[in-house]
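Read the figures in this text as sums done on the coordinates, not as results from a lab. All values derive from a computational prediction rather than experimental measurement. Here the Cβ is made from the backbone with ideal geometry for all residues, glycine too, and neighbour counts use every protein chain on show.
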Amino acid sequence: MNRYFIKIINLLLILGAIYIYNNTLENRVKAEEIARLSAELESANNQLDEYEKFFDVEKTDGNIVESDYVDGKYEGSAKGYGGDITVEVTIKNGSMTDLRIVSAPNEDGAYLKMASSIVKDILKEQSSSVDTVSGATYSSTGIRDATKNALENAKKNKE
């Protein structure tokens, strides 16, 4: 009879452990989904803000006259995964035409290589408010923030 109760208790413990494990997995998936959706919402809001700042233009006879940025090359730096990342942004006719990573001396090569794919997104969107690269979040955030810093320098040059 004692063996029977021990087997039932063991079975209940195993079922309890499985229940807790499944709940933990569900909570983790939900938390990741919430984090992903929050990041997308923040990115969309940042893109909207950047768009409004970037295209804050005067209109004359319905035509766009100018952007907030002065043509030229501007550097900006920000913290990445392994330290500071410096980029150079080229502005031509008020738009970003080129974005280069100038230096990232302490950055892990694999992360930097993955993160550098954000450059094409920044140029395409004409904004530093783009999604980070999964798997290289800190490095791509560094590139994105360094670009934002460079654009602020281009904007200051106009004032």
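Can you give the angle from 0 to 90° between the axis of helix 2-54 and the longest principal axis of the chain, with both taken from C-alpha atoms, to the nearest 10? Computed tilt is about 10 degrees. Note on the chain: GNM, Cα springs under 10 Å; of ASN45, ASN22, ASN106, the largest mean-square fluctuation is that of ASN22. Calculated on the Cα set of the chain, radius of gyration then Dmax: 24.3, 95 Å. Lys-Lys pairs in the chain that are eight or more residues apart or on separate chains and whose Cα atoms lie under 14 Å of each other come to 13.
At an R0 of 35 angstrom, the distance between the Cβ atoms of ARG3 and ASN23 translates into a FRET efficiency of 0.70. For the chain, the longest principal axis of the alpha carbon atoms and the long axis of helix 137-158 meet at an angle near 20°.
Between the listed residues GLY16, TYR74, ASN106, the Cα displaced farthest toward the positive end of the dipole of the chain, a dipole computed from Cβ unit charges relative to the Cα centre, is found at GLY16.
Multiplying the residue separation of GLU33 and LEU15 by 0.36 nm and subtracting their alpha-carbon distance yields 3.8 nm. Taking 7 Å steps out from each Cα toward its Cβ at GLU40 and SER134 produces label points 1.1 nm apart. Here the chain is assigned +1 on the Cβ of each Lys and Arg and -1 on the Cβ of each Asp and Glu. Its dipole about the Cα centre then comes out at about 1000 debye.
For VAL29, VAL119, what ranking results if the residue with the fewest other Cβ atoms within 10 Å of its Cβ goes first?
Fewest to most other Cβ atoms nearby, the residues stand as VAL29, VAL119.
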